[in-house]
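Heads up, the thing below is written out as structure tokens.
The values are calculated or read from the model by the stated rules, or taken from the named source; none is laboratory data. Fair warning: this is a prediction, and the values are worked out from it, not measured in the lab. Cβ placement follows ideal geometry from the backbone for every residue including glycine, while neighbour counts extend to all protein chains displayed. To get the accessible areas, we keep the full protein, side chains included, count just its heavy atoms, and leave off ligands, DNA and RNA. Shrake-Rupley method; radii C 1.70, N 1.55, O 1.52, S 1.80 Å.
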Amino acid sequence: FKNAPVVYNGVNYLKKENIEGFEQFTGINEKADIEKNYELIKKLHPNIKNIYTIIDETTTGKIVKEEATKIIKKLSGDGINYEIIDNVTYDELKYKIQNLPKNSAILLSIFFRSKDNKFFEFYEISQMISKISDLPFYGLWDFNFGNGIIGGYLTSGFFQGKESALMGQKILQGENVRNIPVRFKSPNNYMFDYNKM
């Protein structure tokens, strides 16, 4: 398939240099927008004093943590205490969640693997947090939607799939893949769970 055009999606935090030399490639960058979620939480909960971001130690988790750390540094001085909860076992995470101060909110990024190398399905951690905490609870990815989060500005496989399918359709209709620019801005959307609200 050396000469076949390729449309991709689901590539996390893609940079321009990652696709240099791939002239037959175009697609969608998958990037969770942590800052928009922090701003959303502050707007909807003006009395919040602490925002706790949960991140695992997977490759994607490390990228998300690096991004979150930069954003937290940028937002320092806004009167909010931002903390990252990472490198924990399931039981340690559960204990921390149960003991967070009342004027706090939780932002779940991803938690697929714990410190002691136990793996979790996409819904297990969000459902656990939802059961043990009544703090405002948001997410970054739509696979947690319907599994305990209120919502958020969510990264969505559905919307990435839709956008990449439209790109593929253009190619099938005769457009050269080189004329279809890579979308570095992820097609994220605000989504809210009415029952959780």
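If you check ASN103, ASN99 for being closer than 19 Å to LYS49 by Cα, touching a residue at least 24 places away in the same chain (Cβ under 8 Å) and of a type outside the set (D, E, K, R), only one passes: ASN103. Within segment 27-50, one or more residues are assigned to a strand (DSSP E or B), free of Cβ contacts under 8 Å to residues at least 60 places away in the same chain and open to solvent by less than 80 Å² (accessible area, probe 1.4 Å).
Limited to segment 150-175, what total is found for residues that are open to solvent by 70 Å² or more (accessible area, probe 1.4 Å) and either within 18 Å of PHE25 (Cβ to Cβ) or touching a strand residue (DSSP E or B) at 6+ places or on another chain (Cβ under 7 Å) (or both)?
Residues of segment 150-175 open to solvent by 70 Å² or more (accessible area, probe 1.4 Å): 158, 162, 166, 169-170, 172-173, 175.
Restricting the remaining residues to those that are either within 18 Å of PHE25 (Cβ to Cβ) or touching a strand residue (DSSP E or B) at 6+ places or on another chain (Cβ under 7 Å) (or both) gives 166, 169-170, 172, 175.
Adding up the residues that qualify gives 5.
Hey, can you tell me all the residues within segment 172-189 that are among the hydrophobic types (A, V, I, L, M, F, W, C) and under 29 Å from the mean Cα position of the chain (by Cα)? Full working, then the answer.
So in segment 172-189, the residues among the hydrophobic types (A, V, I, L, M, F, W, C) come out as 172, 177, 180, 182, 184.
Of everything in segment 172-189, those that are among the hydrophobic types (A, V, I, L, M, F, W, C) and under 29 Å from the mean Cα position of the chain (by Cα) turn out to be VAL177, ILE180, VAL182, PHE184.
Just wondering, is there one or more residues in segment 156-169 that are touching a residue at least 24 places away in the same chain (Cβ under 8 Å) and outside any helix (DSSP H, G or I)? Checked segment 156-169: at least one residue is touching a residue at least 24 places away in the same chain (Cβ under 8 Å) and outside any helix (DSSP H, G or I). Note on segment 12-32: residues that are of a type in the set (A, V, I, L, M) and farther than 17 Å from ILE180 by Cα total 1. Of all residues being open to solvent by 70 Å² or more (accessible area, probe 1.4 Å) and either in a strand (DSSP E or B) or out of contact with any helix residue (DSSP H, G or I) (no Cβ under 9 Å at 6 or more places or on another chain) (or both) in segment 104-123, which is nearest to ASP33 (Cα to Cα)? Just the residue, please. Looking at the filtered set, the residue picked out is GLU121. List pairs: first residue in segment 1-16 and within 14 Å of ILE28 (Cα to Cα), second residue polar (S, T, N, Q) and assigned to a strand (DSSP E or B) anywhere in the structure, Cβ distance under 7 angstrom, at least six positions apart or on different chains. Listed pairs, sorted by first residue: VAL7/THR26; VAL11/ASN29; LEU14/ASN29. The single condition among (1) over 23 Å from PRO187 (Cα atoms); (2) under 13 Å from the mean Cα position of the chain (by Cα) that TYR95 does not meet is (2). Restricting SER164, SER126 to those that are closer than 30 Å to PRO5 by Cβ and at pLDDT 95 or above reduces the list to SER164.
Of all the criteria given as (1) within 21 Å of GLU30 (Cβ to Cβ); (2) of a type outside the set (Phe, Trp, Tyr); (3) open to solvent by 50 Å² or more (accessible area, probe 1.4 Å), the one not satisfied by PRO187 is (3).
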